[in-house]
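Worksheet for the structure shown next.
The values are calculated or read from the model by the stated rules, or taken from the named source; none is laboratory data. Given the structure is predicted, the values throughout are model-derived calculations rather than measurements. Quick reminder, even Gly has a Cβ in these numbers, built from the backbone with ideal geometry, and neighbours come from all protein chains shown. Accessible surface areas use protein heavy atoms only, side chains included; no ligands, DNA or RNA. Shrake-Rupley method; radii C 1.70, N 1.55, O 1.52, S 1.80 Å.
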Amino acid sequence: MDLRKINSYMILLAIVVVVGLFVSTVARLVILAKGVDAGTANLVFVIVLGICAVIYLIIMAVFSHTVVPWLIKK
């Protein structure tokens with residue numbers, strides 16, 4: 001695999017990382033606005049980032065095992 005070439009999979013992962021970081025940052029800022037300390041806000045950031053990653057993996061698993069084979073049959 002030539003890592004110098006940018007393929008669609010790398011672009012998709014970059015978009016997912018940026019969106020996940022954005023959602024996590026917004027969640028952290030909301031928690032900080034509520035008056036919670038920075039340590040708890042950082043913990044919320046990591047937890048929300050993990051939840052975003054799990055949601056992405058679930059969506060990719062569903063699409064690759066159910067939706068794509070169904071579309072190929074059609």
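Observations, loosely collected:
- So Gly20, is it touching a Leu at 6+ places or on another chain (Cβ under 6 Å) and part of a helix (DSSP H, G or I): yes
- Whenever a residue of the stretch 15-27 is at pLDDT below 95, its partners that are open to solvent by less than 60 Å² (accessible area, probe 1.4 Å), lying with C-beta atoms within less than 9 angstrom and at least six residues away or across chains, give the pairs Val16/Cys52; Val16/Ala53; Val16/Tyr56.
- Residue tally, condition under 18 Å from Thr40 (Cβ atoms) and open to solvent by 80 Å² or more (accessible area, probe 1.4 Å), over the stretch 21-30: 1
- Enumeration of residues in the stretch 23-46 that are charged (D, E, K, R) and either closer than 25 Å to Ile59 by Cβ or not in a loop (DSSP other than H, G, I, E, B) (or both): Arg28
- Criterion violated by Ile11 - all others in (1) loosely packed, with under 10 Cβ neighbours inside 10 Å; (2) modelled with pLDDT under 90 satisfied: (1)
- No other residue among Val62, Val54, Val46, Val18 is open to solvent by 70 Å² or more (accessible area, probe 1.4 Å) and in contact with a Ser or Thr (Cβ under 9 Å, 6 or more places away or on another chain) apart from Val46.
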